[in-house]
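FYI, it's all coordinate maths here, none of it is from the lab. The structure presented is a predicted model; accordingly, all values stated were derived computationally and were not measured. Virtual Cβ from ideal backbone geometry, glycine too; neighbours counted across all protein chains shown.
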Amino acid sequence: ALRAWPLALAQALGGAGWETAVLSDHTDWVAEIEARTPFAHAFGLVRNSYYTGCIKTDPAAFHGVLGALGTAPGAAVFVDDSPYNVACARGLGINAVLWPDGPALRGALAACGVADAVLALVPDLDPA
């Protein structure tokens, strides 16, 4: 099942003019989820290693997303539940947060210039 907070956060960020993306290492499972519970509309870009051939441990996966968004690594925030993927992103200069650390995610987004008013639109960003 999809968590509500990523969609709410993507929609809040998009509504405030921020670019958003999904970088997934899943198989065609992402397409199956999209068919059951549409989510891609909330994000500006969805990249899946199943189609790109680049997994998150490959810097090309991150560079591809950053390039498509026209974003520098230091201006990006990457959220993942894998410590290894977070370390890979940090090694490229990307602000990376290990989920479920809601306060760290709020801090990383704020450090990149996301306004408190935008973050307030996503109250369940902090896990219970």
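Within the shell of other residues whose beta carbon sits under 13 angstrom from the beta carbon of residue 58, the net charge comes to +1, with Lys and Arg scored +1 and Asp and Glu -1.
Within 14 Å, Cβ to Cβ, of residue 96, how many net charges do the neighbouring residues add up to if Lys/Arg are +1 and Asp/Glu are -1? Each step should come with its number before you reach the end.
Working: positive: 56, 90; negative: 80, 81, 101.
That works out to -1.
Each Lys or Arg adds one and each Asp or Glu subtracts one; over the other residues with Cβ under 12 Å from the Cβ of residue 84, this totals -1.
May I ask for the Rg/Rh ratio of segment 16-128, computed from Cα atoms with Rh as the Kirkwood radius, given to two decimals?
Checking Rg against Rh, the ratio lands at 0.95.
Between the beta carbons of residue 121 and residue 41, assuming R0 = 22 Å, the FRET efficiency works out to 0.80 to the nearest 0.05. State the Cα centre-to-centre distance between segment 91-124 and segment 58-75 in whole Å. Between the Cα centres of segment 91-124 and segment 58-75 lies a distance of 18 Å. In nm, to one decimal, how far is the residue 60 label point from the residue 4 one, both placed 7 Å along Cα→Cβ? In this crude label model, residue 60 to residue 4 measures out at 4.0 nm. Relative contact order, whole percent, for the chain stands at 23, derived from Cα pairs under 8 Å and 6 or more residues apart. Helix-only arithmetic for the chain: the sum of -39500 (n - 2.57) across DSSP H runs with n ≥ 4, divided by the residue total, places the mean residue ellipticity at 222 nm at -12500 deg cm²/dmol. Between the listed residues 68, 98, 121, the Cα displaced farthest toward the positive end of the dipole of segment 55-128, a dipole computed from Cβ unit charges relative to the Cα centre, is found at 68. Rounded if a/c is under 1.5, else prolate if a/b is larger than b/c, else oblate: which is segment 48-95, with a ≥ b ≥ c the root eigenvalues of its Cα gyration tensor? Oblate shape, in that a/c is at least 1.5 and b/c is the bigger or equal ratio.
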